[in-house]
Amino acid sequence: MILKAPVVSIITITWNNLEGLKKTFESVVSQTALEHIEFIIIDGGSKDGSAEFLKQNETKISYWQSEKDKGIYDAMNIGLTKCSGDYVWFLNAGDYAFSNDTLRQVLPFMEASADVIYGETMLVSPEGKHLGSRSHLTTRKLPHTLTWKGFNKGMSVGHQSILVKKSIAVPYDTEYKYVADIDWVINCLKLAGNVINSGQTIACFTVDGFSTTNRNASNKQRYEVLKKHFGFFPNLINHAAILARKIFHNNN
């Protein structure tokens, strides 16, 4: 595959998160492979100065908008319609690349015509301290080989650490307010032929609070998504395994 510019459309979704937006922005514009990047920012009509920040820096942004949308996954769909790169990489406000060389390090996999490229996620504190990898600190271990069937017990790769060829990047199902990401990755993987483990830490994800109400709603929606893909009885068994895994993890 002959690389053209832009190779990767980095899509950032933000809403009233100016500090997180700045962190993501600096990470993207500091990439050593910047010439291969199309930078798309979709702001949901923030009132915290985000639009002013984007206006001040619009020469470094391929496309941006600041207007009301119907939520994060609707905004992601808007981003997909605005991009023209061969690959899409979602780095939402507060997420950032693990290093300034991250994209350059995965370019060879794009030259090899990968449909999906994935890697590890570093979890960081709100203060920016590296806490450890997602595989080490959670029950979700990064698989050596990634297939859609490997999602039967939940999200096995961080959403910010997966790059997907634009041609198989289907729209997000906005009916799932909390877990459209796992549904999206499964749908993309069903269309993928060549999935490559980069063997690298790709992105950093800031760990912050998630209310019990949201967590319960998220778990319920995850159950429905996985039932759709795997069937009622297999999903019931898999969720029993998810619960057992969490109990074991919390006790160790």
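The values are calculated or read from the model by the stated rules, or taken from the named source; none is laboratory data. Computed from a prediction, not measured in an experiment: that's the story for all the values here. Note that each Cβ is placed from the backbone with ideal geometry, even for glycine, and that neighbours are counted across all protein chains shown.
Within 23 Å of Phe25 (Cα to Cα), of a type in the set (S, T, N, Q) and crowded, with 16+ Cβ neighbours inside 10 Å: does that describe Thr201? Criteria met by Thr201. Of the residues in segment 230-252, how many are part of a helix (DSSP H, G or I), out of contact with any helix residue (DSSP H, G or I) (no Cβ under 8 Å at 6 or more places or on another chain) and either closer than 30 Å to Val28 by Cβ or at pLDDT below 75 (or both)? Summing the residues that are part of a helix (DSSP H, G or I), out of contact with any helix residue (DSSP H, G or I) (no Cβ under 8 Å at 6 or more places or on another chain) and either closer than 30 Å to Val28 by Cβ or at pLDDT below 75 (or both) in segment 230-252 gives 15.
Of the strands (runs of 3 or more DSSP E) lying entirely inside segment 75-177, those containing at least 3 residues that are touching a helix residue (DSSP H, G or I) at 6+ places or on another chain (Cβ under 7 Å) and not polar (S, T, N, Q) span 87-90, 116-124, 162-165. Looking across segment 178-229, the residues that are at negative phi and part of a strand (DSSP E or B) come down to Val195, Ile196, Asn197, Ser198, Gln200, Thr201, Ile202, Ala203, Cys204, Phe205, Thr206. Screening the candidates Val116, Val106, Val88, Val124 for the property of being surrounded by fewer than 21 Cβ atoms within 10 Å (Cβ to Cβ), of a type in the set (A, V, I, L, M) and either farther than 14 Å from Glu26 by Cβ or at pLDDT 95 or above (or both) yields one hit, Val124.
Remark: pairs (first residue in segment 163-177, at pLDDT below 95 and surrounded by 14 or more Cβ atoms within 10 Å (Cβ to Cβ); second residue part of a loop (DSSP other than H, G, I, E, B) and charged (D, E, K, R); Cβ separation under 9 Å; 6+ apart in sequence or on different chains) are absent. Taken over segment 54-73, residues that are in a loop (DSSP other than H, G, I, E, B) and in contact with a Lys or Arg (Cβ under 9 Å, 6 or more places away or on another chain) amount to 2.
Just to be sure, is Phe151 hydrophobic (A, V, I, L, M, F, W, C) and either crowded, with 21+ Cβ neighbours inside 10 Å or under 25 Å from Lys228 (Cβ atoms) (or both)? Criteria met by Phe151. Output the residues belonging to segment 129-146 that are farther than 25 Å from Tyr87 by Cβ and in contact (Cβ under 8 Å) with a residue 24 or more places away in the chain. If the condition is that a residue be farther than 25 Å from Tyr87 by Cβ and in contact (Cβ under 8 Å) with a residue 24 or more places away in the chain, then His130, Leu131, Thr138, Thr139 are the ones that fit.
Report, by residue number, each residue of segment 13-55 that is surrounded by fewer than 19 Cβ atoms within 10 Å (Cβ to Cβ), among the charged types (D, E, K, R) and closer than 18 Å to Gln105 by Cα. Within segment 13-55, just Glu35 meets the criteria. With respect to the stated conditions, Leu146 fails to be farther than 21 Å from Ile11 by Cα and at pLDDT below 95. For segment 13-41, which positions are assigned to a strand (DSSP E or B) and over 20 Å from Leu103 (Cα atoms)? Passing the criteria: only Thr14.
Regarding segment 42-52, can at least one residue be identified that is within 15 Å of Tyr96 (Cβ to Cβ) and modelled with pLDDT of 95 or more? No, segment 42-52 contains no residue that is within 15 Å of Tyr96 (Cβ to Cβ) and modelled with pLDDT of 95 or more.
For segment 111-123, indicate whether the set of residues that are among the acidic types (Asp, Glu) and closer than 14 Å to Gln200 by Cα is non-empty. Yes, segment 111-123 contains a residue that is among the acidic types (Asp, Glu) and closer than 14 Å to Gln200 by Cα.
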